[in-house]
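Accompanying notes for the structure given below.
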Amino acid sequence: MSPPVQPVISDLKLPAAADVVVIGAGIAGSSAAYALAKKGLSVALLDKGVVGGEQSSRNWGWCRQQHRDLRELPLAMKSLEIWKGLNAELGTETGFRHTGLLYVTTRRNDFAEWEEWTLRAREYQMHSRILSPAEAKAMTPGSVPDWIGGVHSPSDGRGEPSLASSALAEAARKLGATIHQNCAARGLDISGGKVSGVITEQGIVRTQAVLCAGGAWSSLFCRRHGLRLPQAGVRSTSFATVEAPQVTDGGLSMPDVTIRRRLDGGYTVGLGGRGTVDLSLQGMLYARQFLPTAKKRRKGLTFAVGRSFFQGPEGFANWSFDRVSPFERHRTFDPAADPRLVQEGLATLGEHYPALKGLKVAHAWGGMIDSTPDGIPVISAVDPVPGLYLSTGYTGHGFGIGPGAGRLAADLVAGDPPIVDPHPFRYSRMIDGTDLGAPGMM
């Protein structure tokens, strides 16, 4: 069951030309479209389905700096600055609340990692507070476990995945962008080795700049043009509860379960580190690059063989640009929630907090997390194809970093000074292997 998303009305006519075409209207694409439109560029925002219909509405809704890979931390910090003023700037509700985020644990390995990260993050002027057992208990009144400690990040917050992408897309439209849903980009039109347009199911849009923000579908799109993009999908399960007693106003991470307070008074519940990897031809193609990550996270992953071996985001496919593409066959990739994980999440939540025992599920959903080998995104020009840019591979933490990532992508496309150093996010590392390895703390 798909989570609800604030609906957006499409523009009636596809433009003949635009300064920039953005493919994918999730948080990365919508925030980039808004940032580009703010720069005065004409923008066409395309999606094969609906705005925010896939992973951007299926995540936990955490807006955090805490525990980011340090290469990504400067961009996460910029994103939080943007989030804090976004409701007022857009004149609409994104769901963002500056509530802080809290982690508590009974596991010494967790606590040791948090202490190390907090110390290293101080060089970025990011100050989280390590909590003693007594402090962790005091900040989680009503909890049962004897926490050995925790960490509190008061500068972080939460947002509503069902609202944010739509709010950004609509804001981009107010500045002149056009929005085209159920309009798949089948491929690039290339002239003289450079991008000259985007071929969609509704016709060609002439442009010299394309930003592909297609989430789990980005690698398939690139492969059609002979471009390598190591990307792996992990199917995840999350769910929303009915209205429940307030045990936190923000996000709370506990062993084996994570919750985030929702605007409707319930919680979004996730199971950290748990997911299913579908064996696929794409996975086989990039298996070597992902081996360090698979070894590090093997305890939380299960492996399955399903239809994705031949179709979906990771299926091998070739198609003609004048015929139906794989993107049109899957308007919204909507994997089912794993009922075992839903029940496990409910049970663990009740064990930690008796006040939350017996909660009812309002709705549950599956998602597809698009991951890179090193766990940080690609936000970059693609040098082999001048005019093509990527914003993808957010590895399960793209929502919180979305506003900053959109600004960085827009800066690169426009040739403006970038909001942060773009070097860690360069596409070339996916090809030459520099700096790749198992992800750091995320």
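Which condition number does Thr106 fail, the rest of (1) in contact (Cβ under 8 Å) with a residue 40 or more places away in the chain; (2) touching a Ser or Thr at 6+ places or on another chain (Cβ under 9 Å); (3) among the polar types (S, T, N, Q) being met?
All conditions are met except number (2).
Given the residues Phe290, Phe327, which is the only one that is open to solvent by less than 20 Å² (accessible area, probe 1.4 Å), over 22 Å from Trp62 (Cβ atoms) and assigned to a helix (DSSP H, G or I)?
Phe327
Every residue, every condition in (1) hydroxyl-bearing (Ser, Thr, Tyr); (2) under 25 Å from Glu72 (Cα atoms), yes or no:
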| residue | (1), (2) |
| --- | --- |
| Ala88 | no, no |
| Glu93 | no, no |
| His98 | no, yes |
| Glu113 | no, yes |
| Trp117 | no, yes |
| Glu123 | no, yes |
| Ser128 | yes, yes |
| Leu131 | no, yes |
| Ala138 | no, no |
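Output the number of residues of the stretch 386-433 satisfying the condition of being open to solvent by 20 Å² or more (accessible area, probe 1.4 Å), at pLDDT below 95 and more than 26 Å from Thr118 (Cα to Cα).
The number of residues fulfilling the criteria is 3.
Exactly one condition in (1) more than 29 Å from Gly187 (Cβ to Cβ); (2) open to solvent by 10 Å² or more (accessible area, probe 1.4 Å); (3) not β-branched (Val, Ile, Thr) is not met by Leu86; state its number.
Every condition holds for Leu86 apart from (2).
Any idea how many residues of the stretch 335-381 are in a loop (DSSP other than H, G, I, E, B) and surrounded by fewer than 18 Cβ atoms within 10 Å (Cβ to Cβ)? Working first, answer last.
Going through the stretch 335-381, the residues in a loop (DSSP other than H, G, I, E, B) turn out to be 335-338, 353, 357-360, 372-377.
Okay, now just the ones that are also surrounded by fewer than 18 Cβ atoms within 10 Å (Cβ to Cβ), so 336, 357-358, 360.
Summing the residues that are in a loop (DSSP other than H, G, I, E, B) and surrounded by fewer than 18 Cβ atoms within 10 Å (Cβ to Cβ) in the stretch 335-381 gives 4.
Looking only at residues that are charged (D, E, K, R) and in contact with a strand residue (DSSP E or B) (Cβ under 6 Å, 6 or more places away or on another chain) in the stretch 55-74, which one is nearest to Ala112 (Cα to Cα)? Write out each step before concluding.
To start, the set of residues in the stretch 55-74 that are charged (D, E, K, R) comprises 58, 64, 68-69, 71-72.
Those left that are additionally in contact with a strand residue (DSSP E or B) (Cβ under 6 Å, 6 or more places away or on another chain): 58, 64.
Details: Arg58: 30, Arg64: 20 Å.
Checking each candidate, the answer is Arg64.
Please find, within the stretch 93-150, the residue that is surrounded by the most Cβ atoms within 10 Å (Cβ to Cβ) out of those that are out of contact with any helix residue (DSSP H, G or I) (no Cβ under 6 Å at 6 or more places or on another chain) and on the phi > 0 side of the Ramachandran plot.
Here the answer is Gly100.
Filtering the stretch 187-207 down to residues that are open to solvent by 30 Å² or more (accessible area, probe 1.4 Å) and part of a strand (DSSP E or B), which residue is nearest to Tyr34 (Cα to Cα)? Show your work before the answer.
Of the residues in the stretch 187-207, the ones open to solvent by 30 Å² or more (accessible area, probe 1.4 Å) are 189-194, 201-202, 204, 206.
Subset that is part of a strand (DSSP E or B): 189-191, 194, 204, 206.
Values: Asp189: 24, Ile190: 26, Ser191: 28, Lys194: 25, Ile204: 22, Arg206: 20 Å.
In this case the residue turns out to be Arg206.
Hey, can you tell me all the residues within the stretch 162-186 that are touching a strand residue (DSSP E or B) at 6+ places or on another chain (Cβ under 8 Å), of a type outside the set (S, T, N, Q) and either open to solvent by less than 10 Å² (accessible area, probe 1.4 Å) or closer than 22 Å to Ser325 by Cβ (or both)?
Result: Ala169, Ala172, Ala177, Ile179, His180, Cys183, Ala184, Ala185, Arg186.
Mind listing just one residue for me: the one in the stretch 293-315 that is assigned to a loop (DSSP other than H, G, I, E, B) and at pLDDT 80 or above and, of those, surrounded by the fewest Cβ atoms within 10 Å (Cβ to Cβ)? Even if it seems obvious, please write down each step before you answer.
Taking the stretch 293-315 as the starting set, the residues that turn out to be assigned to a loop (DSSP other than H, G, I, E, B) are 297, 306, 310-315.
Pick out the ones that are also at pLDDT 80 or above and you get 312-315.
Values: Gly312: 23, Pro313: 25, Glu314: 27, Gly315: 18.
Among those that are assigned to a loop (DSSP other than H, G, I, E, B) and at pLDDT 80 or above, it is Gly315.
Take the residues in the stretch 61-73 that are touching a Pro at 6+ places or on another chain (Cβ under 9 Å) and surrounded by fewer than 24 Cβ atoms within 10 Å (Cβ to Cβ); name whichever of them is farthest from Phe333 (Cα to Cα).
In this case the residue turns out to be Arg71.
The values are calculated or read from the model by the stated rules, or taken from the named source; none is laboratory data. Quick caveat: nothing in here was measured; it's all calculated off a predicted structure. Because the Cβ atoms are built from the backbone with ideal geometry, glycine has one as well, and the counts that use them run over all protein chains shown. Accessible surface is based on the protein model in full, side chains and every heavy atom, while ligands, DNA and RNA are left aside. Shrake-Rupley method; radii C 1.70, N 1.55, O 1.52, S 1.80 Å.
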